[in-house]
Amino acid sequence: RSARSASGGRRRRWRPGPRLGPPQPQCVPNSCHGFAPLLGQLAHHSAKQRTAACDGAREITTAHGDEAWRCFAPLLDGAARLINDDDGATRRAASKLIRDAILPTAYGPTDAVADEQARCAAIVAAAPLFAARLGAALSSFDAGCRKEACGVLEALIKNAPDACRRKLAAAAAKTLRAPLVNAVRVAGPPKDHEADAYRASLLRCCASVFL
């Protein structure tokens, strides 16, 4: 029943609003319509769907690099958001998507110098937002987020073409300074092979970005 308000009138009964679908990317370029469903699934409320979307995007990007390159910026950002995901499987799938598919596609050999320069410019242009995503993951209380972010950052800098590496580091340095330093501070002393590898990777990232 509807309750009466303090003024004596009848208060309208609350009714639930319409159910909203999964969040979609705010902007998908026209050239990315082939990837649009996957880009939407990367933002799905279900961790299983997000993980599956990462795996699917990795397979398609590996098989169709030219088409994936046309969606480079939204695909990279969609995957980078998931490095800070609450679900460990999703984080690992997103990290693998970036390291094994997106970056090799971006850094892959090209037939023309002009194309190589255009790719380098696009990668550097995406670096500030990408660095902000990684910085958020490096600042996470979850050690798993910090480790995945560190691995992705090292792949970004280490595998970049020589002409692009310093520009990338310069574009990311300001954003990543505090997160990287704090991540090094909270990294515990090496207790096993994995912990030692993570700390070493962090120090390599610092050297690549700041030196």
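For region 40-87, give me the residue count where each residue is open to solvent by less than 40 Å² (accessible area, probe 1.4 Å), closer than 26 Å to ARG146 by Cβ and assigned to a helix (DSSP H, G or I).
Residues flagged as open to solvent by less than 40 Å² (accessible area, probe 1.4 Å), closer than 26 Å to ARG146 by Cβ and assigned to a helix (DSSP H, G or I) within region 40-87 amount to 17.
Could you say which residue among LEU103, LEU156, LEU138, LEU97 is under 14 Å from VAL209 (Cα atoms) and in contact (Cβ under 8 Å) with a residue 40 or more places away in the chain?
Residue meeting the stated conditions: LEU156.
I'm trying to understand the selection: among the residues of region 136-153, which are surrounded by fewer than 17 Cβ atoms within 10 Å (Cβ to Cβ) and among the acidic types (Asp, Glu)?
ASP142, the sole residue that qualifies.
Listed here are the residues, each with its yes/no results for (1) at pLDDT 85 or above; (2) under 21 Å from ALA79 (Cβ atoms); (3) among the small types (Gly, Ala, Ser); (4) surrounded by 13 or more Cβ atoms within 10 Å (Cβ to Cβ).
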{"residue": "LEU156", "(1), (2), (3), (4)": "yes, yes, no, yes"}
{"residue": "PRO161", "(1), (2), (3), (4)": "no, yes, no, yes"}
{"residue": "LEU168", "(1), (2), (3), (4)": "yes, yes, no, yes"}
{"residue": "LEU176", "(1), (2), (3), (4)": "yes, yes, no, yes"}
{"residue": "PRO179", "(1), (2), (3), (4)": "yes, yes, no, yes"}
{"residue": "VAL184", "(1), (2), (3), (4)": "no, no, no, yes"}
{"residue": "HIS193", "(1), (2), (3), (4)": "no, no, no, no"}
{"residue": "ARG199", "(1), (2), (3), (4)": "no, no, no, yes"}
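For ILE102, only one of the following conditions fails: (1) open to solvent by less than 50 Å² (accessible area, probe 1.4 Å); (2) at pLDDT 85 or above; (3) more than 20 Å from GLU148 (Cβ to Cβ); (4) in contact with a helix residue (DSSP H, G or I) (Cβ under 6 Å, 6 or more places away or on another chain). What is its number?
Every condition holds for ILE102 apart from (3).
The values are calculated or read from the model by the stated rules, or taken from the named source; none is laboratory data. Small disclaimer: the values here were computed from a predicted structure and weren't measured. So basically every Cβ, Gly included, is an ideal-geometry build from the backbone, and we count neighbours across all protein chains shown. Just the protein is used for accessible areas: all its heavy atoms, side chains included, with ligands, DNA and RNA removed. Shrake-Rupley method; radii C 1.70, N 1.55, O 1.52, S 1.80 Å.
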